Amino acid sequence: MRSNPLAGRAGAWLIYLVVLGGIIGGLYVATQRIDYSWNWQRIPQYLISNEGQERVAPFDGFVAVAEDGHSLTLKEMKGSRSITIRDFDELLVGDGDLVFENDPLARKRGLVAGPLLVGLWMTLKISALSLMAALVLGLLIGLGRVSRNSAVSGLAATYVEVIRGTPLLVQIFIFYFFVGTVMELSAFTAGVAALAVFTAAYVAEIIRAGIEAVPRGQMEAARSLGLSLPQAMRHVILPQAFKRTLPPLAGQFINLIKDSSLVSVMALTDLTKAGREVVSSTFSPFEVWFTVAGMYLLLTGLLSYLVRRLEKRLAHD
Amino acid sequence: MTESQVLIEVREVGKVYGNGVVGLRGVSLQVKRGEVVCIIGPSGSGKSTLLRTLNALEPISAGEIRVLGESVHDPRTDLNRLRARLGMVFQSFNLFPHRTVLDNLMLAPRVVSGVKPERARERALALLAKVGLADKADMHPGQLSGGQQQRVAIARALAMQPEIMLFDEPTSALDPEKVGEVLDVMKVLASEGMTMCVVTHEMGFARAVAHRVVFMEAGEIVYEDAPERFFTAPANERLRAFLGQVLKSA
Ligand SMILES: Nc1ncnc2c1ncn2[C@@H]1O[C@H](COP(=O)(O)OP(=O)(O)O)[C@@H](O)[C@H]1O
Ligand SMILES: [Mg+2]
């Protein structure tokens, strides 16, 4: 029945499923033809491993194992430091052994996060920190863009042009090799700074557009009541601009999560870098990259879900 | 009347907009305490421009404006303090849509004058009662009719306890049946002795309430007079033509 809207929706779903199934089937056939052997069973251990946690030697020294085998003491070779470890399940060294810094001493069994999860956590940390920094910086630059002081608005416009006119990867290199070296930043700080500076330019444009979309009469009404410019911004203009900027800001932050994969060029083990490392130890690139893609999708999906809920809440009041 | 009772003194003010359009030329005007002055004139004659220079929403190019003893366009004047003593009502209401009616009234007293929340609330509720909207305190502006919004806007301006009220075509955006409720509020204000400058096309209101009516054309004040003579026997050819047109179309 053509006029039945349910039939129309069901039909659309059918087409959706058929096309999606066709694409997945096509991928499967394609991998068959290159004779790829799938090893999905290797992947879970890189998410969560039961290998447990190794305790490594903090310095070069000699090992002394207690008679009951439940504690281990390491005495420094060239100094007087010593440590004792009791909390382990399995000894990896023997009494009297000479070990060097970072050699494994003992292992504690149990589930620990595998490299992919550790990488995901790093990606999450980098994204969240640069997101907050980008919001603050972007707000300042966005306010600068709408400033009546032409020196301020000129500087803000230049910032936006320069940042948007150069590739993020190049900016990351500049932050890592130049700014990072000059200011003695860690790779982590340099990565967060590069992403924040990059994202702030886009945030600034979104905020400028949001401010300019608030009718002029709002500012005039606020000023005619005696509010100063900052007071009018804070109490009247920005709250209205914020609502309008939420969707594009969310889009920008989803981009940020994805862009954060570029910091893997630094000595930072984010999700993408972790993926590369796992590939080189498993030789299962397809499975690993599909898994990594799925993990990014999980992050971005979660973020858009949260933003949609926030939008709904704001729409009510 | 003594010199101290002149609240608004506009002297030979000229205004040229950035794009070269002349908004005002050689405008002079005096408004005394308790006076209601209505400004009429064709569209584009500079009525809004004149009103907006009074609280420095627009800068001026020539002349001087003194309001409440302060030189409005002197960079040393504390504009925020001066504006707080000067209420303004706009054609398009310009209520803050993200805040409730009550919050619209409380914002400036709290932020600008530092009035305690309880006191600001009390005063806001009293003003809402005065404009007949006590039951709308918790609504958002979008839920009100145009006439109600404009009455809220008047109450919002009054919440700062201004000494002068400026109205820029307060009823022009309203449905005809809502005009009366806004004019009624303004009449009450006038009867309480509020000093008012009202740009309006409501000739009936001007005639009934104004102490003086000013006619503007092409950025100039062409004629001013007491309402009686202004509307019945104005000594100005262009005003007669304008009134003839307005009355014909009404
Ligand atoms: N912001 C502005 N920029 C340039 N020209 C303006 C601006 N505002 C008003 N004008 C011009 O100034 C003249 C007077 O306008 P206005 O004071 O708004 O007239 P009225 O309120 O009497 O209709 C008009 O020619 C108008 O086009
Ligand atoms: Mg006007």
(message) Here's a check for you: in segment B:204-224, which residue that is among the aliphatic types (A, V, I, L, M) and surrounded by 19 or more Cβ atoms within 10 Å (Cβ to Cβ) is nearest to residue B:45 (Cα to Cα)?
(response) B:216
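Yes or no: residue A:120 in a helix (DSSP H, G or I), more than 29 Å from residue A:209 (Cβ to Cβ) and in contact with a helix residue (DSSP H, G or I) (Cβ under 6 Å, 6 or more places away or on another chain)? I'd like the intermediate steps shown before the answer.
Details: in a helix (DSSP H, G or I): yes; more than 29 Å from residue A:209 (Cβ to Cβ): yes; in contact with a helix residue (DSSP H, G or I) (Cβ under 6 Å, 6 or more places away or on another chain): yes.
So residue A:120 fits the description; yes.
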(request) Report those strands (runs of 3 or more DSSP E) wholly inside segment A:1-116 carrying at least 2 residues which are of a type in the set (S, T, N, Q). (result) A:82-85
(request) Scan segment B:173-189 residue by residue and report those that are in a loop (DSSP other than H, G, I, E, B) and touching a Pro at 6+ places or on another chain (Cβ under 8 Å). (result) none
(message) Against the definition (away from ligand 2 (no atom under 16 Å from the Cβ), assigned to a loop (DSSP other than H, G, I, E, B), within 14 Å of another protein chain (Cβ to nearest Cβ) and under 26 Å from residue B:113 (Cβ atoms)), how does residue B:170 come out, yes or no?
(response) no
(request) Among the residues of segment B:25-57, count how many are away from ligand 2 (no atom under 12 Å from the Cβ) and either in contact with a helix residue (DSSP H, G or I) (Cβ under 6 Å, 6 or more places away or on another chain) or not in a loop (DSSP other than H, G, I, E, B) (or both). (result) 17
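Could you please let me know if residue B:198 is modelled with pLDDT of 95 or more, away from chain A (no Cβ under 14 Å), within 16 Å of ligand 2 (Cβ to nearest atom) and crowded, with 23+ Cβ neighbours inside 10 Å? Spell out the reasoning first.
On the way: modelled with pLDDT of 95 or more: yes; away from chain A (no Cβ under 14 Å): yes; within 16 Å of ligand 2 (Cβ to nearest atom): yes; crowded, with 23+ Cβ neighbours inside 10 Å: yes.
For residue B:198, the condition - modelled with pLDDT of 95 or more, away from chain A (no Cβ under 14 Å), within 16 Å of ligand 2 (Cβ to nearest atom) and crowded, with 23+ Cβ neighbours inside 10 Å - is met.
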(request) Go through segment B:71-109 residue by residue and tally those that are within 9 Å of chain A (Cβ to nearest Cβ), surrounded by fewer than 18 Cβ atoms within 10 Å (Cβ to Cβ) and either basic (Lys, Arg) or touching a Lys or Arg at 6+ places or on another chain (Cβ under 6 Å) (or both). (result) 2
(message) Filter segment B:46-70 down to the residues that are within 14 Å of chain A (Cβ to nearest Cβ) and acidic (Asp, Glu) and list them by number.
(response) B:58, B:70
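Look through segment B:110-122, keep the residues that are more than 14 Å from every other protein chain (Cβ to nearest Cβ) and among the basic types (Lys, Arg), and return whichever of them is nearest to the chain's Cα centre (by Cα). Talk me through it step by step, then tell me what you get.
Initial filter on segment B:110-122 (more than 14 Å from every other protein chain (Cβ to nearest Cβ)): B:116-119, B:121-122.
If we keep only those that are among the basic types (Lys, Arg) too, we end up with B:116, B:119, B:121.
Numbers: B:116: 28, B:119: 26, B:121: 25 Å.
If we take residues in segment B:110-122 being more than 14 Å from every other protein chain (Cβ to nearest Cβ) and among the basic types (Lys, Arg), then B:121 is nearest to the chain's Cα centre (by Cα).
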(message) Going through A:275, A:226 one at a time, which residue ends up being closer than 30 Å to residue B:170 by Cα, surrounded by 22 or more Cβ atoms within 10 Å (Cβ to Cβ) and of a type outside the set (Asp, Glu)?
(response) A:226
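I need the full set of residues from segment B:7-24 which are in contact (Cβ under 8 Å) with a residue 12 or more places away in the chain and either more than 16 Å from ligand 2 (Cβ to nearest atom) or in contact with a Cys (Cβ under 7 Å, 6 or more places away or on another chain) (or both), in order please. Full working, then the answer.
At the first step, the residues of segment B:7-24 found to be in contact (Cβ under 8 Å) with a residue 12 or more places away in the chain are B:7-16, B:22-24.
Of everything in segment B:7-24, those that are in contact (Cβ under 8 Å) with a residue 12 or more places away in the chain and either more than 16 Å from ligand 2 (Cβ to nearest atom) or in contact with a Cys (Cβ under 7 Å, 6 or more places away or on another chain) (or both) turn out to be B:7, B:8, B:9, B:10, B:11, B:12, B:13, B:14, B:16.
The values are calculated or read from the model by the stated rules, or taken from the named source; none is laboratory data. Note that the structure is predicted; figures quoted are calculated from it, not measured. Using ideal geometry, Cβ is built from the backbone for each residue, glycine included, and neighbour counts are taken over all protein chains shown.
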